[in-house]
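The structure under discussion appears below in the form of structure tokens.
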Amino acid sequence: MSGEPKPPVMEADPKLTSIEQAQISLGILTAACSTLGKDKKPVCEQLLKPLEQNKKSPVDTMADVLVSFGEESMDKAVDGFNLILMEATAKAKEQLIAAGKLKKDGSPVE
């Protein structure tokens with residue numbers, strides 16, 4: 001299979017420090033572990049220990065979780081995060097409109 005092109009490798013955001021990358025990853029990975037059953041959750045949480053101890057990178061840790069448990073738990077965590085973010089964004093918009101900082105269409109008040 002050496003003739004097949006490799007998928008593109010995305011680099012981590014260079015503006016984020018390694019600590020910020022680890023914190024973001026831990027949040028998503030912890031949420032992913034929490035979606036697993038009682039028997040798998042502790043095993044998943046053990047995979048996070050090297051990241052917590054700065055002994056493994058966020059990318060390597062996330063890859064370990066994906067290999068061990070598949071994409072479903074990660075998808076659930078990201079979907080849950082996206083729902084919370086959408087609700088928070090809508091609430092923030094309402095608050096900014098009420099404060100007179102945004103128009104109802106979301107454009108800034110001049």
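The values are calculated or read from the model by the stated rules, or taken from the named source; none is laboratory data. Values in this document were obtained by computation on a predicted structure and should not be read as measured data. Cβ sites come from the backbone with ideal geometry, for glycine too, and all protein chains shown count toward neighbours.
The single condition among (1) at pLDDT 95 or above; (2) within 17 Å of the chain's Cα centre (by Cα) that Ala22 does not satisfy is (1). Among residues of region 36-53 that are closer than 13 Å to Ser25 by Cα, those with a Cβ under 7 angstrom from a residue that is in a loop (DSSP other than H, G, I, E, B), sequence gap 6+ or separate chain, pair up as Pro50/Lys56. In the set (1) surrounded by 15 or more Cβ atoms within 10 Å (Cβ to Cβ); (2) over 18 Å from the mean Cα position of the chain (by Cα), the condition left unmet by Val43 is number (1).
Residues in region 68-100 that are within 12 Å of the chain's Cα centre (by Cα) and in contact (Cβ under 8 Å) with a residue 12 or more places away in the chain were compared, and the one that is nearest to Gly37 (Cα to Cα) is Ser73.
Here region 58-67 is the region considered, the condition is being out of contact with any Cys (no Cβ under 7 Å at 6 or more places or on another chain) and in contact (Cβ under 8 Å) with a residue 12 or more places away in the chain, and the residue that is farthest from Leu16 (Cα to Cα) is Asp64.
Could you check, for region 35-57, whether at least one of its residues is touching a strand residue (DSSP E or B) at 6+ places or on another chain (Cβ under 9 Å) and either among the charged types (D, E, K, R) or in a helix (DSSP H, G or I) (or both)?
If we filter region 35-57 for residues that are touching a strand residue (DSSP E or B) at 6+ places or on another chain (Cβ under 9 Å), which is where we start, we get none.
No, every residue in region 35-57 fails to be touching a strand residue (DSSP E or B) at 6+ places or on another chain (Cβ under 9 Å) and either among the charged types (D, E, K, R) or in a helix (DSSP H, G or I) (or both).
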